[in-house]
Structure formats: structure tokens, C-alpha cells
Amino acid sequence: MIKTTNIRAVKPGQYDIVWAIVRSMKSPSSFMLQVPALSPDWALFKTYRELAASGRWNQQAFQEIYRPRFVAQIQADPTAQKLLDRLAELDKAGVNVALVCFCQDKNLCHRSLIAEMLRQRGCDIICE
């Protein structure tokens, strides 16, 4: 099973594998592997920050601006595609995996989009 959740919700030993799907980490944890290829690129992250700072970050902005750009980014990146395939293999093998980032609201977060991509690969996903 694969679970996507907030980085603060994961404790050491809770999962077999924990991937932090974030572009940068100030204080990397010893039990997490940082996997930036499954996070928004800097340009998209900057767009998100600008929308949030201006009070325009909402479901509409996520669906109309963020989602298409993030999905296109991941689809065009061979490394990201290989990582998604690897996650599907781990899921089929019964490995307990957590994918984490800093976002509080899963509905406005790239981890929900990664979860959708993994569901399309037949994975059992819980998105929190």
C-alpha cells in the first residue's frame, strides 16, 4: 500500500519506505529519502507561492493553473515516470510506502496528483 500524507504525520519505523516528494528540505530526516523528481519544478512552485501570497490560491487555481502544468511536467520527465513505475512495483510487492510533502491540504497539493497517477498504474493508494 502507498499512503500520501503530510511530512509531519510520519514517524520513524511506521513505513518500510518514506519518500519526501519535495524540491528542497532544510532538515532532511534520516528515515526519508528526498525525491525531488516527483515535486513541482521551481517555476511551478514560484507560481504557487505567488498565487498563495496574493490570496488567489484555491481549488480553481489548483485545477486550472497548477494541475495541468504539474501533470505535464511529470508526464514529460522520464525520471519521474521511472519513479512512478518503481512505486507501482513496490505496491504490487506489498511494500508499505509513504509519500510525503509539506502541504496541509491534500486537495490543493501535488501529492493528490501523484496519487491519481499511481491509481492509474493500479496502485492501492490512501491520500491524506
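Tabulated values for the structure
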item: Of all accessible heavy-atom area on the chain, the percent that carbon and sulfur account for (1.4 Å); result: 52
item: Accessible area per residue, Å², the chain with all protein chains present, probe 1.4 Å; result: 53
item: Rounded if a/c under 1.5, otherwise prolate or oblate - the stretch 67-126, Cα gyration tensor axes; result: oblate
item: Above-threshold pairs, the threshold being 22 Å between Cα atoms, out of Lys46/Lys106; Lys26/Lys92; Lys11/Lys106; Lys46/Lys82; result: Lys26/Lys92; Lys46/Lys82
item: Cross-link partners of Lys3 among aspartates and glutamates (Cα-Cα below 17 Å; sequence separation of 8 or more within a chain); result: Asp16, Asp85, Glu89, Asp91, Asp105, Glu116, Asp124, Glu128
item: Trypsin sites (Lys or Arg not before Pro) restricted to the stretch 32-107 and DSSP loop, no more than 15 other C-beta within 10 Å; result: Arg56
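The values are calculated or read from the model by the stated rules, or taken from the named source; none is laboratory data. Quick caveat, the model's predicted, so the values are computed rather than measured. Cβ coordinates were reconstructed from backbone atoms using ideal geometry, including for glycine residues, and neighbour counts include every protein chain displayed. Ligands, DNA and RNA are excluded from the accessible area calculation, which covers all protein heavy atoms including side chains. Shrake-Rupley method; radii C 1.70, N 1.55, O 1.52, S 1.80 Å.
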